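Nothing in this text is a laboratory measurement; each read-out follows from the coordinates by a stated rule. Computed from a predicted structure; not experimentally measured. Cβ placement follows ideal geometry from the backbone for every residue including glycine, while neighbour counts extend to all protein chains displayed.
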Amino acid sequence: MNLKQRGKLPIVVLISGGGTNLQSIIDSTARDLPVCIQAVISNVEDAFGLQRAAKAGITTAILKHHAYPDRSAYDAALCQEIDRHEPGLVVLAGFMRILSPAFVAHYAGRLINIHPSILPALPGLHTHQRAIDTGLNEHGASVHFVSDEVDGGPIIIQAQVPVLTDDSAESLAARVLQQEHRIFPQAIRWFAEDRLEISDGQVLLDGQPALNHSAGS
Ligand code: GAR
């Protein structure tokens, strides 16, 4: 296990893919984000994000879901792997699995996810194509605490981008990702600075509704 760095919140990041959000967190920690990434765990063996983690000297683990008989067995093994690192926060950065209620309960209040839509609009998959198909003018991303409802937990921060008339799912995704890379480290910073709380299903930042807050402070 990596040595915990003094004054920094230990976090574990879960990924399934390219890991550009992971990279934005790694880059932010190299500047002044007060967290220490204890481990990056992937359910996908060849997720490129694992290479990003290794390059940054971060411990990695692969836990293939196909190797387990069912979701609860997988989630129990995942919990065990995560808890070895004693994280104060577990970060889902493109982890493309639905998590069981037992898993969510185990990390209640310290499990956050980034989702590529302005929730509660467009939960689930293929959000960029669906934003185009439904003729939305605006699309974006949300960082939220994870609850039992898929993509439904209390929202910490959101970012909006315009949907352009000639957008493809790829061009729109790229515009949204730029914003993801800004708001995810911001949300993690607020958590690490102990400035967030959940009250009546709503996230408060410094005691005020977090969604009224403009990002960047
Ligand atoms: C990101 O767009 C993230 O919001 C999305 O997967 C992508 C991962 O990209 N997550 C979800 O759709 C979760 N429901 P990355 O691997 O480059 O960070």
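Across region 109-159 the C-alpha pair distances fall into 5 Å bins from zero in the proportions 5, 23, 33, 19, 13, 5, 1, 0 percent. Spatial offset of region 24-43 relative to region 85-155 amounts to 19 Å, using the alpha carbon center of each.
Summarising the amide proton neighbourhood of LEU119: residues at separation of 5 or more, or on other chains, whose placed amide H is nearer than 5 Å comprise SER142. Given axes a ≥ b ≥ c from the Cα gyration tensor, I'd like to know whether region 1-90 is rounded (a/c under 1.5), prolate (a/b larger than b/c) or oblate. Oblate is the answer for region 1-90, as a/c is 1.5 or above yet b/c matches or exceeds a/b.
Placing unit charges on the Cβ atoms only, positive for Lys and Arg and negative for Asp and Glu, gives the chain a dipole magnitude near 680 debye about its Cα centre.
Calculation over all alpha carbon pairs of region 61-114 in 5 angstrom steps from 0 returns a P(r) of 4, 18, 32, 31, 13, 2 percent. For the chain, the Kirkwood radius over C-alpha pairs fed into Stokes-Einstein at 37 °C and 0.692 mPa s yields D = 187 µm² per second. With q set to 0.17, 0.21 Å⁻¹, the log10 of I(q)/I(0) for region 46-160, from the Debye formula over equal scatterers at the Cα positions, is -0.96, -1.26. Where only DSSP H runs of four or more residues are counted, the chain gives -10000 deg cm²/dmol as its mean residue ellipticity at 222 nm, each run worth -39500 (n - 2.57). The gain in end-to-end length when the ALA76 to ALA102 segment is fully stretched comes to 8.5 nm, 0.36 nm per residue minus the alpha carbon separation.
Comparing mean-square fluctuations of ALA56, ALA39, ALA67 from a GNM of the chain with C-alpha springs under 10 Å, the top value falls on ALA67. If you wrap the Cα atoms of region 144-217 in a convex hull and average its projected area over all directions, you get 5.8 nm².
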